[in-house]
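Below is one structure, written out as structure tokens, with a few remarks after it.
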Amino acid sequence: MQPATATLAAPKPLPADPEASLAATLPDDADPRVRALGELWLAIRPAPTLLPARRHFDPLRIAPSVLPYLWLLDVLREPRLRFRYRLIGTAHVTPMGADFTGNYLDAVHPTFLESASHADYLSVAAGLPSYRRGKPTFHVDKSYLAMERLALPLAEDGVRVNMLLAITLYTRALHASVTAADQLAARSPASAIPLR
């Protein structure tokens, strides 16, 4: 089966106030690690209306305990828009069942193109940050009940997005006898237990 072709509008620079844009994207109760990545993304922009590039992102500016939750996607636009795993933090290998570095998402995740995550990644590829919290949509072991993700655009030229930088934290079932709904109701998102 041939993957669907996605089209994007011409890339646009960040809004005049990217801090407000990110603040509108992130809820007040976002995990502090998620918020820290968003704040770093704002801090490394080369100019107020330009997106940062991969070269601006120094992993040494992130706490070592956060690095396993980070991942990068290449945004490839020719011959059609596709996303390819460039780097997958070690905390993602267990829930995903493999290290898919170097693979196209639509090739290794059969439901990716129909998932809400695909729509989110298209938005990020158009230059907008994307935040999602809830049930994993397409790619993880079913024992992982919830996730929290922030995906941010990176652009080599400051405008046209060529990479996504993201963090995802997963919450796993604590006890088989407790339902997923019970666990999610009992735990605030900010106190979700990430993989270790």
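The values are calculated or read from the model by the stated rules, or taken from the named source; none is laboratory data. Since we're looking at a predicted model, the values are computed, not measured. Neighbour counts run over all protein chains shown; Cβ positions are idealised from the backbone, glycine included.
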Output for segment 75-107, where each listed residue is surrounded by fewer than 16 Cβ atoms within 10 Å (Cβ to Cβ), more than 22 Å from VAL34 (Cβ to Cβ) and among the aliphatic types (A, V, I, L, M): LEU76, ALA98, ALA107
Any hit, segment 55-64, residues being within 15 Å of LEU165 (Cα to Cα), part of a loop (DSSP other than H, G, I, E, B) and either touching a Lys or Arg at 6+ places or on another chain (Cβ under 7 Å) or among the hydrophobic types (A, V, I, L, M, F, W, C) (or both): yes
Segment 113-129, residues that are surrounded by fewer than 18 Cβ atoms within 10 Å (Cβ to Cβ) and of a type in the set (Gly, Ala, Ser): SER115, ALA116, ALA119, SER123, ALA126
Selected residue (criterion: farthest from ARG35 (Cα to Cα)) from residues of segment 108-135 that are of a type in the set (Gly, Ala, Ser) and assigned to a strand (DSSP E or B): GLY134
Subset of segment 16-66 that is closer than 30 Å to ALA146 by Cβ, of a type in the set (Gly, Ala, Ser) and loosely packed, with under 13 Cβ neighbours inside 10 Å - its residue that is modelled with the highest pLDDT: ALA43
Failed condition for LEU72, given (1) crowded, with 20+ Cβ neighbours inside 10 Å; (2) in contact (Cβ under 8 Å) with a residue 40 or more places away in the chain; (3) not in a loop (DSSP other than H, G, I, E, B): (1)
Any chance ALA173 is buried (at least 17 other Cβ atoms within 10 Å of the Cβ) and of a type outside the set (Phe, Trp, Tyr): no
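Out of PHE100, PHE138, report the one residue that is closer than 27 Å to PHE57 by Cβ, part of a loop (DSSP other than H, G, I, E, B), among the hydrophobic types (A, V, I, L, M, F, W, C) and modelled with pLDDT under 70.
Step by step, each of PHE100, PHE138 is checked, and only PHE138 is closer than 27 Å to PHE57 by Cβ, part of a loop (DSSP other than H, G, I, E, B), among the hydrophobic types (A, V, I, L, M, F, W, C) and modelled with pLDDT under 70.
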